[in-house]
2 protein chains.
Amino acid sequence: MAQTSAPLDSPGTAVRVEPATIEDLPALIDLVAELMDLQGDFTPDHQAHDRGIRLILEEPSRGRIFVLRNDERIIGMVNLLFTISTALGGFVVLMEDVVIHPDHRKQGYGTLILEHVIDFAQQKKFKRITLLTDKLGAASQEFFKQHGFEFSHLIPMRRLLE
Amino acid sequence: MAQTSAPLDSPGTAVRVEPATIEDLPALIDLVAELMDLQGDFTPDHQAHDRGIRLILEEPSRGRIFVLRNDERIIGMVNLLFTISTALGGFVVLMEDVVIHPDHRKQGYGTLILEHVIDFAQQKKFKRITLLTDKLGAASQEFFKQHGFEFSHLIPMRRLLE
């Protein structure tokens with residue numbers, strides 16, 4: 001029987017958010033590479049993404065990757081890195097690699113995965129979630145604002161090391 | 001014999017950068033509290049700073065705090081947190097709490113501690129150092145630019161959790 005993607009993709013049927021496992025690695029690498037393609041600061045590098053994602057999956061104290069999947073495939077991901085705030089006095093989350101596959105956008109999946117992240121962080125007593133958003137992505141900034149995120153007056157500076 | 005602070009403070013004599021230990025905790029808390037006082041985003045909270053700094057000192061895999069000290073006291077600090085970049089495929093450093101005590105500024109100590117950080121990160125094969133600078137601190141931005149740091153086009157958004 002032929003399947004259409006619409007019923008499978010509807011929130012509430014088969015779409016769910018789960019912790020990623022090592023079997024998800026190829027799909028995660030593709031999603032991160034696609035995100036890099038969209039951002040001016042980075043270029044896709046499948047080998048690098050493979051190494052980075054493995055480092056997180058191998059050691060849950062470093063962070064957690066959640067995937068959004070239907071019965072057929074992974075359609076989104078988010079990468080949570082755990083670190084410490086001396087200002088707040090506890091563990092905090094850096095949220096990176098928030099990606100929904102282009103075929104599955106505008107269907108509420110961003111909200112589904114972000115609400116999962118916020119629940120997870122609250123349950124685990126993290127004190128803050130920070131993400132770095134692209135200045136150009138006004139729609140994406142609006143999305144995060146709707147979910148309680150506020151702009152900081154701080155700006156990032158970076159030095160790459162050889 | 002009475003001592004003046006000038007000779008002790010001169011780089012090359014008794015001033016050195018060393019990993020912080022638990023004995024340094026009270027001085028570190030004071031320096032972080034002072035930094036919070038200067039930044040609009042945060043308010044000083046000695047108990048919180050105590051908890052956060054302990055979390056780092058207790059588990060070296062999470063990060064490293066270096067102190068700048070002379071024979072009498074701690075005159076500066078920097079807090080390096082270790083996390084992972086899926087973009088670059090390896091460990092990266094978040095540099096926070098870069099503070100020189102007000103009595104000891106404009107004497108080259110910022111450079112001393114920052115060069116130590118860059119050497120440390122290169123030796124340990126970290127792939128990038130990121131810091132969040134205050135938009136208002138033009139002098140401090142110029143300082144980091146002189147040391148190879150560049151502005152990113154990304155901007156931070158944050159959500160505090162209760």
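A few comments on the model shown:
- Residue-by-residue Karplus 3J(HN,Hα) for the range A:106-122, coefficients 6.51, -1.76, 1.60, Hz, glycine and proline x: 6, 10, x, 6, x, 5, 4, 6, 5, 5, 4, 4, 5, 4, 4, 5, 5
- Label point at A:Lys124 placed 7 Å out along Cα→Cβ; residues across the range A:67-84 whose backbone nitrogen lies under 14 Å: A:67, A:78-84
- Shape category assigned to the range B:34-151 from the gyration tensor of Cα positions, a/c cut at 1.5: rounded
- Think of the range A:7-96 as having a plus end and a minus end, set by charges on the Cβ of Lys, Arg, Asp and Glu; of A:Ala33, A:Ile65, A:Leu88, A:Leu88 sits farthest toward the positive end of this dipole.
- The GNM of chain B, with springs linking C-alpha atoms under 10 angstrom apart, assigns the highest mean-square fluctuation among B:Arg69, B:Arg51, B:Arg128 to B:Arg51.
- Backbone amide hydrogens, once placed in the peptide plane, bring A:Val98 within less than 5 Å of A:Asn79, excluding anything fewer than 5 places away on its chain.
- Karplus-based coupling profile of the range B:26-36, in residue order and whole Hz: x, 5, 5, 4, 4, 5, 5, 4, 5, 4, 4, with θ = phi - 60° in 6.51 cos²θ - 1.76 cosθ + 1.60 and x standing for Gly or Pro.
- For the protein assembly as shown, the number of Lys pairs with C-alpha atoms closer than 28 Å, counting only pairs eight or more positions apart or on separate chains, is 20.
- Spin-label pair B:Ser140/A:Ser61, simplified geometry with 7 Å Cα→Cβ offset, distance in nm: 3.1 nm
- Most mobile listed residue (B:Ala33, B:Ala121, B:Ala48) in chain B, GNM with C-alpha springs under 10 Å: B:Ala48
- With the helix formula -39500 (n - 2.57) applied to DSSP H stretches of n ≥ 4, chain B reaches a computed 222 nm mean residue ellipticity of -10500 deg cm²/dmol.
- For chain A, built as a Gaussian network whose Cα springs stay under 10 Å, the top-fluctuating residue of A:Gly148, A:Gly110, A:Gly76: A:Gly148
- Radius 14 Å from Cβ of A:Glu59, net charge of other residues (Lys, Arg +1; Asp, Glu -1): +3
- Across chain A, the relative contact order, built from alpha-carbon pairs under 8 Å that are at least six residues apart, equals 18 percent.
- ³J(HN,Hα) computed for each position of the range B:154-160 - Karplus, 6.51 cos²θ - 1.76 cosθ + 1.60, integer Hz, glycine/proline x: 8, 10, x, 10, 9, 10, 6
- Extending 7 Å from the Cα toward the beta-carbon at both A:Thr43 and A:Leu160 defines two label points whose distance is 0.8 nm.
- Global form of the range B:99-162, assessed from the alpha-carbon gyration tensor, a/c cut-off 1.5: oblate
- Put in order of Cβ neighbour count within 10 Å, fewest first, the listed residues A:Met77, A:Met95 become A:Met95, A:Met77.
Laboratory data are not the source of any read-out in this text; all were calculated from the coordinates shown. The shown structure was predicted, so the numbers you read here are calculated from the model rather than taken from an experiment. Methodologically, a virtual Cβ is constructed for each residue, glycine included, from the backbone with ideal geometry; neighbour enumeration extends over all protein chains shown.
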